Every structure is written in C-alpha cells, then in structure tokens.
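Let me begin by presenting the structure, written as structure tokens, before commenting on it.
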Number of protein chains: 2
Amino acid sequence: MLIGDLGEAALLKELRALFAAADPDLPTGIGDDAAVINYPVGAQGVWTTDLLLEGVHFKKAWQSPYQLGRKSLTVNLSDIASMGATPRFALLSLACPPATSLDYILEFCRGFAAMAAKTGVVVIGGDTTASADGITISVTLGGYIPKGDAILRSGAKVGDAILVTGFLGSAAAGLRLLRDARTGIYPELEKAFVDPEPRIAAGKAAVEAGATAMTDISDGLASDLRHICEESGVGAMIEPGLLPYSMDFADAVSKYSWERESMLLSGGEDYELLFTLPGDIAQQVKALVAHQGGIDVTMIGEVMPLEYGIRLVDKAGCVRTMPEHGYEHFSGNI
Amino acid sequence: MLIGDLGEAALLKELRALFAAADPDLPTGIGDDAAVINYPVGAQGVWTTDLLLEGVHFKKAWQSPYQLGRKSLTVNLSDIASMGATPRFALLSLACPPATSLDYILEFCRGFAAMAAKTGVVVIGGDTTASADGITISVTLGGYIPKGDAILRSGAKVGDAILVTGFLGSAAAGLRLLRDARTGIYPELEKAFVDPEPRIAAGKAAVEAGATAMTDISDGLASDLRHICEESGVGAMIEPGLLPYSMDFADAVSKYSWERESMLLSGGEDYELLFTLPGDIAQQVKALVAHQGGIDVTMIGEVMPLEYGIRLVDKAGCVRTMPEHGYEHFSGNI
C-alpha cells in the first residue's frame with residue numbers, strides 16, 4: 001500500500017492509533033487542532049527542533065526506517081539532554097512522496113515511538129503532507145527542568161575542566177563506512193551514525209555535579225567547543241592525546257588510512273555531551289557523572305582565558321590552533 | 001548573496017539578530033541547544049505544528065516572501081486560536097536550496113517576525129539546512145490557556161447552533177485566481193489565500209461566550225465540520241443559503257462561472273473559526289463574539305443527533321448529504 005493511494009485521512013488514523021497515549025499530563029493529544037499539556041509546577045519548559053532531509057541528513061539505504069525513526073527523536077533528545085533537562089512532549093511532521101510505502105512510514109513511526117517510550121516522551125501532535133521528492137522529517141521536542149537549573153553554553157569559567165561523554169569520531173567513521181559501502185565490518189561504528197543513544201541520564205548527572213556549561217556534539221568537537229567558548233567568552237586548551245575513541249575506530253582508522261585527529265575533532269553527529277566543571281571537583285565528579293549517566297566520561301582539556309584562543313596542546317608541548325569548521329550543511333557535507 | 005555562499009554559521013547569525021527578543025518569559029532564546037521558557041502559573045500549554053512545502057502548499061510566484069513568512073505563522077496561529085488559547089512561542093525551521101537568495105530568506109523572516117510581533121509571539125528556536133530542491137518551512141507554535149478552558153472539537157451538543165467567522169470560499173477563490181493567472185482583479189480574494197488573518201481575538205471571545213466545540217477551517221467547511229461531528233458524536237444540519245461570502249467572491253463566481261456552493265463547502269485555507277454554542281444563547285452572544293473578535297460571525301446551522309448525519313437543508317426544504325471531501329494533500333490539490 002502506498003501513501004498516495006491511502007490518502008491523508010486514513011494515514012492520520014493509522015498514526016493516531018500508533019501514537020495513542022494515556023498520559024495524565026496530556027489532557028488533549030493528537031486529533032484536535034492543537035495539543036493541550038500540563039506543565040510541572042516550579043519547572044521551566046525546554047524546547048528544541050530539528051529538520052532532517054533525505055539526501056542531506058540521511059539516505060534510505062543507510063538504515064532501516066525503524067532506526068531512522070529512533071534517530072529522528074534522538075537528535076532532539078540530545079539537545080534536551082545537553083540542557084540537563086527531562087524530555088517530555090514531541091511533535092512529529094512528515095512529508096513524503098505519494099509513492100512511499102505505508103510500511104516504511106509505519107516502521108519509521110514505530111522506531112520513533114519506541115525511542116519515545118524509552119525516554120518518557122509522548123507524541124502530542126504533528127503534520128503530514130505529500131512532497132514532490134524525498135522524505136522530510138521535522139521534530140520538535142519539549143522538556144522541563146527545575147527553574148534555573150538549565151546548563152547553558154555560556155557558563156564556562158577559566159580553570160574549568162572540559163569533559164566529554166563516550167567516544168568521539170564513531171559516527172563520522174560510521175558515515176564513512178556507509179558511503180564507501182564497507183558495511184557489516186564495524187557494526188558499532190555504523191550504529192553510532194544511524195542509531196545513536198541520547199545521553200539524557202548523563203546530562204542530568206552533569207547538572208547535579210555542578211556543570212557550568214554544556215552542549216551536545218552534533219557538529220563535531222571543534223565547532224561545538226567553539227560555541228561554548230564564544231558564548232562563555234573564554235578560550236580552551238585541548239590535549240589531542242586525551243580524545244576518547246573506540247577500539248573499532250582505531251582499527252578502522254588504521255586499516256583505511258583515515259585521518260584520525262580530523263575525524264575526532266571535526267566529525268559530526270556523535271551526540272555525546274561536552275561540558276565544563278570547576279577544575280577542583282572535576283576529577284571527583286567525573287566518576288559520578290559516568291556512573292549515573294551509564295557512559296564513560298573523559299577529561300580532555302581546560303578552559304582558558306579568551307585571549308588564549310582555542311588550541312591543541314599535546315604532551316610534548318607542541319601547540320596548534322583548533323581547526324575552524326565542523327559539520328556544515330550548506331557546504332553539502334553528506 | 002546566495003545562502004550556499006554565505007554558509008550556515010553566517011545565516012544563523014543573521015537570523016539570530018532578526019529574531020532577537022527581550023522577553024521576561026524567555027530566559028534563554030535562540031543560540032543555545034534548546035530554548036528555556038517560563039509558563040504562566042495555572043495555565044496549560046497548547047502546542048501545534050505545520051509543515052509547508054514549496055510546490056505543495058505554495059509557489060514562490062504567488063506571494064512575496066514577506067507574505068509567505070506571515071502566512072507560515074498564521075496557519076499555526078489559527079490552530080491556537082481555534083482552541084481559544086493565547087499564542088506565545090514559535091520554533092521555525094527552514095530548508096532551502098543553496099541557490100536561494102539571502103534577501104528572499106530575510107524577507108520571509110521579516111514577515112514571520114512581523115506577524116509574531118503583532119500577536120505577542122517570540123521566536124525561541126529553529127533549524128536551518130540545505131535542501132536539494134524547493135523550500136520547506138516547519139513551524140511549531142506554543143500558547144497557553146487557563147486550565148480547563150480549551151475548546152476541543154469534541155464538545156458539540158445536539159441543539160447547539162453552528163457558527164462561522166468571516167467569509168467562506170475567499171481563499172479557494174484567491175488560489176483559483178492565482179492558478180489561472182487572473183491576478184490584480186480581486187486583491188481581497190488573493191489576500192485571503194496568500195495572507196490570511198488569524199482569528200485569535202475571536203477564538204478567545206468564543207471561549208468567553210461559552211463555545212462548546214471549535215476548529216479552524218483549514219481543510220474546508222465540509223471536512224472541518226465533519227471533524228467536529230466525529231469527535232463530538234453528533235450530526236449537523238447546514239443551511240447552504242446562510243453560508244457567508246464576500247461581494248468580490250460573488251462577483252468572481254458569476255464572472256468565471258465557478259461552482260459557488262462547492263467552493264464554499266470544500267474550499268480550504270480560509271482559516272476562519274467554526275464553532276458551536278448552546279442554541280438558546282447563540283443569537284445573543286454571536287454579536288459579542290463578533291464585537292470582541294473584530295470579525296462578522298454567522299449562524300449557518302444546527303447540531304443534530306448522530307443518526308441524522310451531516311446534511312444540507314435549504315430554505316425550500318430540499319435535503320442533500322454534505323460532500324465528503326475537503327482539501328486533501330495526498331491527492332495533490334495544489
């Protein structure tokens with residue numbers, strides 16, 4: 001069955017059934033002109049949105065529709081996580097050509113719903129429409145946080161330690177494997193690109209631990225660290241030898257003669273968290289964040305005065321400036 | 001200057017400046033991973049989203065980018081209005097080909113910002129990306145309403161009067177004029193399609209007046225009335241002779257031999273409000289809603305028992321069933 005034959009009304013009925021939710025904080029969900037939601041008392045709302053286009057952000061051949069559904073929510077969960085907030089309400093819009101199969105859309109939505117259920121998110125609304133060519137996915141995600149607790153990009157202080165969750169470069173490596181049609185060799189690297197895990201628990205743990213600034217690594221470490229430095233009015237020193245990567249990454253880099261450091265610094269879509277903590281407590285709370293977040297945390301450098309700039313300093317004392325760019329959509333990276 | 005030459009970072013800088021807002025309820029706006037917002041105490045959130053695609057929902061030749069920006073917000077404002085709520089926070093995502101001119105995008109955003117300013121809305125976030133072909137606009141809009149006051153589609157009661165704001169068919173007529181390249185003859189009809197007015201004040205007035213069910217007429221009266229009937233478990237009797245239309249509409253229908261009734265019943269995108277009120281107070285409060293809403297309100301029929309179905313009954317007593325369909329995106333109406 002194709003979407004174009006099914007018609008909008010029948011498609012909406014399928015989607016309503018799939019996303020049906022009984023939630024005490026959702027008095028009116030999908031099916032009216034707008035959703036009505038309750039907000040927790042004493043909390044602030046935290047909202048983000050992402051647009052994913054076929055051919056720009058994903059290709060159908062790279063992942064199952066189920067994985068694509070999960071990732072469409074995850075990229076937004078990552079933004080909520082990077083504020084230290086709790087995700088709660090999602091709106092999902094889909095544009096697809098009439099020749100798209102209903103099965104593809106339903107599998108996509110099942111993946112989206114599975115990630116939503118796993119993270120306590122309910123789908124409260126959305127929109128569907130025909131497109132001339134290619135699938136477009138727009139997701140808006142709302143969460144909440146106790147008033148004043150949100151960790152912004154602007155709070156990093158000179159002397160803070162710079163930390164990162166998980167591994168860097170895995171998603172960039174996965175994308176490269178998919179583009180080079182070297183699939184099935186390093187499934188974990190592929191998964192890092194097509195089906196990353198949102199770091200919600202780690203984000204909350206970073207709030208508890210007293211993080212001063214936080215962002216997610218969607219554009220690559222170089223770009224996202226620059227965002228923190230610009231917003232905080234500081235510089236940064238990163239020790240490249242401390243950048244965490246997986247054994248599979250090391251193996252693939254060596255096998256295919258990839259540029260390791262460039263992938264670690266500028267590879268996008270890792271969806272790990274990058275955050276800063278007062279230097280004197282960093283070592284102690286690092287373990288706490290790792291424990292509560294269920295993911296390793298690595299100290300990779302230190303916040304420096306603005307005039308220092310952003311530099312890479314290796315153990316031998318060799319100093320370089322951080323490369324300028326990460327992931328740039330308008331220069332057509334994928 | 002083209003978007004593709006400018007690059008994403010520079011574009012974001014332009015958009016940030018354009019949408020910069022000092023708002024006490026927006027502690028963190030555009031520029032972080034997510035926005036942080038305050039919610040009014042005792043209120044519920046009301047959220048909606050719409051996706052607009054070039055070639056499906058609009059063509060560049062049909063309106064200025066400024067008008068397109070206004071309408072992109074208005075179609076969402078209309079959903080918030082139809083709940084009786086107050087719009088407040090918008091997220092705007094844009095995908096456009098690298099060959100799009102920066103001027104076009106900035107004019108679009110100026111139109112969006114102007115409609116936002118007019119309606120008390122602040123832009124709290126968004127996303128930009130390159131597209132292979134065509135502009136895609138995704139808007140999510142949040143508002144609020146005192147707890148329990150939202151007017152749903154499901155509250156219509158047998159015996160209620162059925163009312164509509166403004167004129168029907170104007171947008172359908174405007175679209176037809178644009179498609180037939182008969183522009184400049186009926187500017188009000190064209191405006192109804194390319195730059196409709198959101199009925200926010202009328203929506204709030206309908207809440208005050210005790211409306212039992214409400215929706216906006218985005219898919220056409222036939223479809224949107226059916227939504228109310230289905231959700232409320234009722235039928236409806238509409239008197240076609242009472243359907244309100246403008247003098248320009250009558251003139252154009254007569255000049256071009258269009259099917260008047262079909263355009264009034266099934267023409268989409270009017271963004272007027274369709275609501276029900278207890279029959280015994282309808283006549284009195286109609287004037288109140290019209291006064292507070294700044295727009296004429298017309299009684300067009302009555303809510304009937306479910307088994308009655310949805311019928312058209314003219315003054316002579318001739319009975320017909322309501323046509324099934326309004327605006328169907330997947331059947332490619334535009």
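The values are calculated or read from the model by the stated rules, or taken from the named source; none is laboratory data. Computed from a predicted structure; not experimentally measured. FYI the Cβ positions are ideal-geometry reconstructions off the backbone, even for glycines, and counts take in every protein chain you see.
Results, tabulated for the structure shown:
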{"quantity": "Inter-residue pairs, beta-carbon under 6 Å, first under 15 Å from B:A130 (Cα atoms) and in the range B:97-116, second hydroxyl-bearing (S, T, Y), 6+ apart", "calculated": "B:P97/B:S131"}
{"quantity": "Filtered residue count, the range B:127-137, keeping only those that are in contact with a helix residue (DSSP H, G or I) (Cβ under 9 Å, 6 or more places away or on another chain) and either at pLDDT 95 or above or more than 8 Å from every other protein chain (Cβ to nearest Cβ) (or both)", "calculated": "2"}
{"quantity": "Unique match (being in contact with a Leu (Cβ under 8 Å, 6 or more places away or on another chain) and in the same structural domain as A:F89 (by TED's automatic domain parsing)) among A:G120, A:G169, A:G125", "calculated": "A:G125"}
{"quantity": "Selection count, the range B:258-288, where residues are aliphatic (A, V, I, L, M) and over 18 Å from the mean Cα position of the chain (by Cα)", "calculated": "6"}
{"quantity": "Number of positions in the range B:1-36 that are more than 7 Å from chain A (Cβ to nearest Cβ) and in contact with a Pro (Cβ under 6 Å, 6 or more places away or on another chain)", "calculated": "0"}
{"quantity": "Residue within the range B:151-168 that is among the β-branched types (V, I, T), in contact (Cβ under 8 Å) with a residue 40 or more places away in the chain and under 26 Å from A:N38 (Cα atoms) present", "calculated": "yes"}
{"quantity": "Residues satisfying the stated conditions in the range A:223-256, i.e. in contact with a Leu (Cβ under 9 Å, 6 or more places away or on another chain) and under 23 Å from A:E188 (Cβ atoms)", "calculated": "A:D224, A:P240, A:L243, A:P244, A:Y245, A:S246, A:D248, A:F249, A:A252, A:Y256"}
{"quantity": "Residue count for the range A:188-200, restricted to those that are in a helix (DSSP H, G or I), in contact (Cβ under 8 Å) with a residue 40 or more places away in the chain and surrounded by 16 or more Cβ atoms within 10 Å (Cβ to Cβ)", "calculated": "5"}
{"quantity": "In the range B:192-220, the residues that are farther than 25 Å from B:G69 by Cβ and in contact with a Gly (Cβ under 9 Å, 6 or more places away or on another chain)", "calculated": "B:A205, B:A206, B:V207, B:E208, B:A211, B:T212, B:A213, B:M214"}
{"quantity": "Residue check for A:G174: more than 11 Å from chain B (Cβ to nearest Cβ), without any contact (Cβ under 8 Å) to a residue 24 or more places away in the chain and at negative phi", "calculated": "yes"}
{"quantity": "Residue match in the range A:307-319 (condition: more than 20 Å from A:L225 (Cα to Cα), modelled with pLDDT under 95 and small (G, A, S))", "calculated": "yes"}
{"quantity": "Count - residues of the range A:271-293 that are of a type in the set (S, T, N, Q) and closer than 13 Å to A:S82 by Cα", "calculated": "1"}
{"quantity": "Condition check for A:G120: within 27 Å of B:Y39 (Cα to Cα), away from chain B (no Cβ under 14 Å) and touching a strand residue (DSSP E or B) at 6+ places or on another chain (Cβ under 9 Å)", "calculated": "yes"}
{"quantity": "Strands (runs of 3 or more DSSP E) enclosed by the range B:116-187 - at least 3 residues per element that are crowded, with 22+ Cβ neighbours inside 10 Å and out of contact with any Asp or Glu (no Cβ under 7 Å at 6 or more places or on another chain)", "calculated": "B:122-130, B:136-146"}
{"quantity": "Cβ pairs under 8 Å, 6+ apart, first in the range A:37-62 and more than 9 Å from every other protein chain (Cβ to nearest Cβ) and surrounded by fewer than 18 Cβ atoms within 10 Å (Cβ to Cβ), second assigned to a strand (DSSP E or B) and aromatic (F, W, Y)", "calculated": "A:P40/A:Y144"}
{"quantity": "Subset tally (residues that are surrounded by fewer than 18 Cβ atoms within 10 Å (Cβ to Cβ) and under 16 Å from A:D270 (Cα atoms)) for the range A:283-297", "calculated": "1"}
{"quantity": "Conditions (1) of a type in the set (S, T, N, Q); (2) over 30 Å from B:G126 (Cα atoms); (3) at pLDDT below 95: number failed by B:S154", "calculated": "(3)"}
{"quantity": "Checking B:L274 against (1) within 14 Å of chain A (Cβ to nearest Cβ); (2) modelled with pLDDT under 95, the condition it does not meet", "calculated": "(2)"}
